[in-house]
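Some notes on the structure that comes next.
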Amino acid sequence: MKKHINFLAVFMAIIFSIMPLFSVHFMAVAEVATEYLSDDLLTEIPIIPAAATVDTALSIKAKSTVLMEPYTGKVLYESNADEKLAPASITKIMSLLLVMEAIENEKLTLDTKVSASEHAASMGGSQIWLEVGEQMTVDELLRASVIASANDATVALAEAVSGSEETFVELMNKRAKELGMKNTTFKNACGLDADGHLTTGRDVAIMASALIKHALIKKYSTVWMDALRGGKSELTNTNKLVRYYNGATGLKTGTTSKAGCCVAATAQREGMELVAVVMGGENSNERFTGAKKLLDYGFANWSFVSLTPDLNNVGKIPISKGMEGFITTDSGGGAIDLLLPKGKQDEITQTVEIKENIEAPVTAGDVIGSVKFTSDGKLLGELPIYSANSVAKVTFFNALGLILSSAIIP
């Protein structure tokens, strides 16, 4: 019994002596990247009430928040949207946008094989542990980058696009300016903390809006779990909204010690897609509950309205100097899609304006007027009205022909 106690004491002493070594290792890893090792990926998002009115002030524990409709660029909600902050891995939104554009321009294909460079394999933080010289397809690297936020995979893609991460970062900053991102400077392709690597909630919403317009990205951003290397490397989406939020379409999370917990979340319902950005969240759950609040707020209070001309009461339009005295109208199938607060569509009025003194000749498809849509005295949009038929101009000879025809026919 005494020997057993002594053995146990020695064993426990060894355990306690090596524990600091393991704790130092885990602290070092967590400081660089926590999202791939996140302990909240399989926990549900706390249930919170949806915002009910447009004037509601959302209480979100984060440094910056933005809610944007991507196709109009309209900001539906914002708080401290222009403070420059470290973006962590939501940096990858711009990297992925450039990869999507390279695929569309046929510079890359999903089957293109990429060999991991020493530089790409050296990335810390979230990664799939690429080995130098290991080959993966663009499709596989996209799965790793989007789903698991793998830094090494993103840098490998960057090098495939432009040869080096350095030149790729130049492309990132150039594209940011083209998109109107006024307060963004990228220093790397994956989002590891670096001096001067900064953006804003508004700029993140702008680049996220650009990315989700590429349908291909949703092939990856909507996947909850996947695997690489024949199932040996499991991937779990760092964006838990993909699993728990109705209509979620993506998009990207980010976590570092400097940036805090960030997310650019996208979702689509009833034909409307929204981008919700939370930067500098206090913890991982706060970023997701914050994004959920923003998205709920948007879907509860805004909708797209498609305005089409109603020409049923216009009737025939008289014209002069024509072989016929009238033309009919045609809307040409035009429509205006407007993002409006819910309920405002009932306050929209249309005004039909037809040109005065229309003379022949008139060709089918000629613009003969317009329809204006207004609300509260404000012009919302305008669509042309076309002639539905052609009418030739009266000449001496066809006028004579008409006279003779009327004289012959009793």
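The values are calculated or read from the model by the stated rules, or taken from the named source; none is laboratory data. All of these numbers come straight from a predicted model, not from anything done at the bench. Backbone-built Cβ (ideal geometry, glycine too); neighbour counts: all protein chains shown.
With 213, 177 as the choices, which residue is under 21 Å from the mean Cα position of the chain (by Cα) and either buried (at least 20 other Cβ atoms within 10 Å of the Cβ) or free of Cβ contacts under 8 Å to residues at least 40 places away in the same chain (or both)?
Among 213, 177, only 177 is under 21 Å from the mean Cα position of the chain (by Cα) and either buried (at least 20 other Cβ atoms within 10 Å of the Cβ) or free of Cβ contacts under 8 Å to residues at least 40 places away in the same chain (or both).
Across segment 355-365, what is the number of residues that are crowded, with 16+ Cβ neighbours inside 10 Å and outside any strand (DSSP E or B)?
The number of residues fulfilling the criteria is 2.
Being at pLDDT 95 or above, in the same structural domain as residue 240 (by TED's automatic domain parsing) and either under 19 Å from residue 109 (Cα atoms) or touching an Asp or Glu at 6+ places or on another chain (Cβ under 9 Å) (or both) is the requirement here; does residue 156 meet it?
So residue 156 passes the test.
Listed residues 242, 263, 277; which is among the β-branched types (Val, Ile, Thr), surrounded by fewer than 23 Cβ atoms within 10 Å (Cβ to Cβ) and either more than 20 Å from residue 150 (Cβ to Cβ) or in the same structural domain as residue 61 (by TED's automatic domain parsing) (or both)?
242
Give 251, 274, 211 a once-over and let me know the one that is modelled with pLDDT of 95 or more and assigned to a helix (DSSP H, G or I).
Answer to the selection: 211.
Return the residues of segment 327-344 that are within 19 Å of residue 71 (Cα to Cα) and either in a strand (DSSP E or B) or of a type outside the set (D, E, K, R) (or both); say none if nothing qualifies.
Within segment 327-344, 334, 335, 336, 337, 338, 339, 340, 341 meet the criteria.
If a residue must be over 14 Å from residue 314 (Cα atoms), buried (at least 18 other Cβ atoms within 10 Å of the Cβ) and aliphatic (A, V, I, L, M), how many such residues does segment 366-382 contain?
Within segment 366-382, residues that are over 14 Å from residue 314 (Cα atoms), buried (at least 18 other Cβ atoms within 10 Å of the Cβ) and aliphatic (A, V, I, L, M) number 1.
Can you work out which of the residues in segment 343-354 that are of a type outside the set (Val, Ile, Thr) and exposed (fewer than 14 other Cβ atoms within 10 Å of the Cβ) is farthest from residue 372 (Cα to Cα)?
Per the criteria, the residue is 343.
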